[in-house]
Amino acid sequence: MPSIGEIIKQYRLKAGLSQQQLGEKLGLASVARQRVAQWENGYRTPASEHLLKLMAVLNIPPEEFDEYRKGVNMETESLLALTRQESGVVLYDGGDLIICNWSNIDGMPRLSPCGLGLLGLNEELVVEGEPQRIEDIGAWLDTQEHRVIYDANDDYPLLAGLAGKLYRVNGAYVIAPNGWN
């Protein structure tokens, strides 16, 4: 089974693009070639927004990543098991924020249209420390640089004044708002 990096390289070469050209098409600016090289060599996994853009730019069918979704052991290490609820907020290291239902794919956050998310893709979920209680998720988010890239039900405004639990998982923040399923 080829790695994610090998799949990216295969489709990049098929498209006749250099690493620099692909990175620029993805909006990576000054780190374009280095970032693509890191993905292809397995040093980094593309963030969800980049994975979706890669699929669009290189015409990679979602099925190419099916083996990675099947191979993830999420039985006891899923966001569903961790938070004991089916949905919530994920704030990735780069500032991308998604509000999603993570019970759809064995506990992985689901990004439309292809069902891929950064957390859980070909990696075990590693919880860093104990969860923290947040009194006002909206106010906490105001202190964090972020941009909403996915919110299927327009739930973002509902986070203001809402309490919840904050988990640090694989370098991302996972927020389980009180009262959400």
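The values are calculated or read from the model by the stated rules, or taken from the named source; none is laboratory data. Predicted model, so just to flag it, every value in this text is computed and none were measured. Here Cβ is always computed from backbone atoms with ideal geometry, including for glycine, and neighbour counts include all displayed protein chains.
Details
- In the condition set (1) touching a Phe, Trp or Tyr at 6+ places or on another chain (Cβ under 9 Å); (2) more than 24 Å from Val148 (Cα to Cα); (3) at pLDDT below 55, Leu111 is compliant with all but (2).
- Pairs meeting the criteria (first residue in region 56-72 and over 14 Å from Pro46 (Cβ atoms) and modelled with pLDDT of 75 or more, second residue aromatic (Phe, Trp, Tyr) and part of a helix (DSSP H, G or I), beta carbons under 8 Å, at least 6 apart or on different chains) are Asn59/Tyr11.
- Checked against the criterion of being surrounded by 14 or more Cβ atoms within 10 Å (Cβ to Cβ) and either closer than 16 Å to Leu82 by Cβ or assigned by TED's automatic domain parsing to the domain that holds Arg44 (or both), the candidates Gly164, Gly129, Gly171 yield just one match: Gly164.
- Residues of region 25-43 satisfying the condition of being free of Cβ contacts under 8 Å to residues at least 24 places away in the same chain and crowded, with 16+ Cβ neighbours inside 10 Å: Leu28, Ala32, Arg33, Arg35, Ala37, Gln38
- Of all residues in region 1-16, those being crowded, with 19+ Cβ neighbours inside 10 Å and modelled with pLDDT of 90 or more number 5.
- Test: residue in region 136-158 that is part of a loop (DSSP other than H, G, I, E, B), at pLDDT 90 or above and crowded, with 16+ Cβ neighbours inside 10 Å: yes
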